[in-house]
Amino acid sequence: MTAKEWLAGFASRLGVVAPTDEEVSDLLRLAGEAAHASERTAAPVACWLIARAGLSPAEALEVLESWKKQGFERS
């Protein structure tokens with residue numbers, strides 16, 4: 001089973017639409033940034049946080065880019 005097939009099946013069971021290829025790409029980019037800027041465990045939790053905040057992956061990347069420009073300052 002491919003990742004795309006697995007995600008489609010899981011999304012169906014959750015009652016949501018599977019992510020588009022662009023959304024998957026954005027999520028992987030976000031996860032990579034989180035894992036490299038801190039610890040690997042930050043990657044999946046960062047993705048969970050975007051969902052909890054109600055943001056799209058693209059919107060979350062905008063937030064991340066803004067935070068990076070501030071030098072990852074704590075707020």
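Within segment 29-44, the set of residues being exposed (fewer than 14 other Cβ atoms within 10 Å of the Cβ) and under 24 Å from Lys4 (Cβ atoms) comprises Gly32, Arg40, Pro44.
Consider segment 45-72 and keep the residues that are out of contact with any helix residue (DSSP H, G or I) (no Cβ under 8 Å at 6 or more places or on another chain) and not in a helix (DSSP H, G or I). The one that is nearest to Lys4 (Cα to Cα) is Gly54.
Of all residues in segment 59-73, those that are under 15 Å from Arg29 (Cα atoms) have Cβ atoms under 7 Å from Cβ atoms of residues that are surrounded by 10 or more Cβ atoms within 10 Å (Cβ to Cβ), 6 or more apart or on another chain, in Ala60/Leu30; Ala60/Ile50; Leu61/Asp26; Leu61/Arg29; Leu61/Leu30; Leu64/Leu30; Leu64/Glu33. Residues in segment 63-72 that are exposed (fewer than 13 other Cβ atoms within 10 Å of the Cβ) and closer than 17 Å to Ala35 by Cα: Glu65, Lys68, Gly71, Phe72. What are the residues in segment 10-19 that are under 16 Å from Leu55 (Cβ atoms) and surrounded by 11 or more Cβ atoms within 10 Å (Cβ to Cβ), if any? Across segment 10-19, the qualifying residue is only Pro19.
Only one of the listed residues (Ala35, Ala31) is part of a helix (DSSP H, G or I), farther than 22 Å from Ala8 by Cβ and without any contact (Cβ under 8 Å) to a residue 24 or more places away in the chain. That residue is Ala35.
FYI, it's all coordinate maths here, none of it is from the lab. All values derive from a computational prediction rather than experimental measurement. Reconstructed Cβ throughout: ideal geometry from the backbone, glycine too, with neighbour counts over all protein chains shown.
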